[in-house]
Amino acid sequence: MKAVLALFVIYVGTFLVVIRGASQNSVQAAPQNAGAPQGQATPASIDPVKEVDIRSLMELLGARDVVQDAVANGTEQFRENLIASVPGNERGQKFVNAFVADYQKKFNPDDVTGQLVAIYDRHFTEDDIKTLLQFYGSPLGQKYAAEMPKISAEAQAANRAVSTRVAKDVLQDLRQQYPGIASRARLVKLRPGQEEQAKQQAQVQPQNQADASQP
């Protein structure tokens, strides 16, 4: 049982890291095995029988759906970053829309799955894969695979909520010690229009504080 649990931990760690990296870095990263057919980006040295088992495991885990969800989230992050960095006119909007459309067209989830197969081949033996297949083929394994993306999303949301609350508390504590800097400090990147508004508020705030201190 302990060995199986250890495999689960390795699975969760490697799977989520790879998926996150794929969604964030796919635009900049050069594709591996560029000469291989699309969707078959796995080393030629991998045992064919083991590859079939790994791909069966990926299917049981719903890897393709998770990749597609990650790509959708990554696309929205790219869109938001681009909107904040390009002119806010019709041409700028067309540029963002063109990028998103081309990105979604060129991104192939099978490329990520192929990388996952290679990663699992390095970290798991054939017996490990067969044990995982047995587990994820069971009702409990299917439930685990179905619930893990939800659990991960809820855990990330909880972490963000706690992190944001603590960061706001720390920022508030530092306002008295660093009044000039803290009044301009922001925990999130603002868009150009929001930056100007924030600057105006920062200029007004010290004056309001000075007026309030006068008898």
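For (1) among the small types (Gly, Ala, Ser); (2) at pLDDT below 50, each residue gets a yes or a no:
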| position | (1), (2) |
| --- | --- |
| 4 | no, yes |
| 8 | no, yes |
| 11 | no, yes |
| 35 | yes, yes |
| 48 | no, no |
| 58 | no, no |
| 75 | no, no |
| 83 | no, no |
| 99 | no, no |
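Of the candidates 176, 209, 203, the single residue that is open to solvent by 80 Å² or more (accessible area, probe 1.4 Å), modelled with pLDDT under 60 and in contact with a helix residue (DSSP H, G or I) (Cβ under 9 Å, 6 or more places away or on another chain) is 209.
Screening the candidates 161, 153, 167 for the property of being over 25 Å from residue 53 (Cα atoms), open to solvent by less than 50 Å² (accessible area, probe 1.4 Å) and either at pLDDT below 95 or outside any helix (DSSP H, G or I) (or both) yields one hit, 167. Of all residues in region 45-103, those satisfying the criterion of being surrounded by 16 or more Cβ atoms within 10 Å (Cβ to Cβ) and over 30 Å from residue 144 (Cβ atoms) are 78, 82, 96, 99, 103.
Of the residues making up region 133-148, not a single one is polar (S, T, N, Q), loosely packed, with under 13 Cβ neighbours inside 10 Å, outside any helix (DSSP H, G or I) and modelled with pLDDT under 90.
The values are calculated or read from the model by the stated rules, or taken from the named source; none is laboratory data. For clarity, every value in this text was computed on a predicted model and none was experimentally measured. Virtual Cβ from ideal backbone geometry, glycine too; neighbours counted across all protein chains shown. Heads up: the accessible areas ignore ligands, DNA and RNA and are worked out on the full protein's heavy atoms, side chains in. Shrake-Rupley method; radii C 1.70, N 1.55, O 1.52, S 1.80 Å.
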